[in-house]
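The values are calculated or read from the model by the stated rules, or taken from the named source; none is laboratory data. All values reported here derive from a predicted model rather than from experimental measurement. For neighbour counting, all protein chains shown are included, and Cβ atoms are generated from backbone atoms with ideal geometry for every residue, glycine included. Ligands, DNA and RNA are excluded from the accessible area calculation, which covers all protein heavy atoms including side chains. Shrake-Rupley method; radii C 1.70, N 1.55, O 1.52, S 1.80 Å.
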Amino acid sequence: MAESLQITQLGNPALRQQAQFVDNIQDKRLQQLIDALIATAVASNGVGIAAPQVSQSFRLFIVASRPNLRYPNAPQMEPTAMINPQIIAHSTEIVKGWEGCLSVPGIRGLVPRYQTIEVEYTSRNSKVHRQVFTDFVARIFQHEYDHLDGIVFLDRVE
Ligand SMILES: O=C(NO)N[C@@H](Cc1ccccc1)C(=O)O
Ligand SMILES: [Zn+2]
């Protein structure tokens, strides 16, 4: 298991950068960053983490939903690296749900998100995926996707 990295906190400008498109997915350093992000999410009991949260301004995040103390009813899934992700379509339905952020410790907020989204992303083996996510996994995706544009959940709390 790779070592986990220090998480950039709110107030650090690195969290507000516009992250850059990933050109070479097979680059060794990028693959090591993916391993470190997964280790960091697991070590922090997170269900997701985005590269800007370790001050790496790449359009890359991990979605790692699994039931844990912080989100006991989270669905179980394999931690998945999503590279150059896009939201292709979304439901009109919007639902509010509680979110936290590893970069904003100790604070939760009620955040409106699309209930269902159709997404496209490239996985770490350079395969392009198109999938539909709903409810909590859709929420995590939208939360991480925001980080790639320097947006944090507090910006969306009504
Ligand atoms: O800070 C992050 N990811 O950026 N991690 C959050 C992700 C998250 C997203 C949406 C709802 C709940 C939780 C976490 O608490 O694991
Ligand atoms: Zn976050």
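General observations
- Annotation: of all residues in segment 147-158 being part of a helix (DSSP H, G or I) and within 8 Å of ligand 2 (Cβ to nearest atom), the one that is farthest from V63 (Cα to Cα) is F153.
- When Q6, Q56 are checked against the criterion of being assigned to a loop (DSSP other than H, G, I, E, B) and surrounded by 19 or more Cβ atoms within 10 Å (Cβ to Cβ), Q56 stands alone in meeting it.
- Among the residues of segment 1-57, just one is touching a Lys or Arg at 6+ places or on another chain (Cβ under 7 Å) and modelled with pLDDT under 95, namely N45.
- Sole exception among (1) open to solvent by less than 10 Å² (accessible area, probe 1.4 Å); (2) out of contact with any helix residue (DSSP H, G or I) (no Cβ under 8 Å at 6 or more places or on another chain) for H147, by number: (2)
- Candidates M77, M82: the one that is in a loop (DSSP other than H, G, I, E, B), hydrophobic (A, V, I, L, M, F, W, C) and closer than 26 Å to G97 by Cβ is M77.
- The residue that is farthest from ligand 1 (Cβ to nearest atom), among those in segment 61-87 that are touching a residue at least 60 places away in the same chain (Cβ under 8 Å) and hydrophobic (A, V, I, L, M, F, W, C), is I83.
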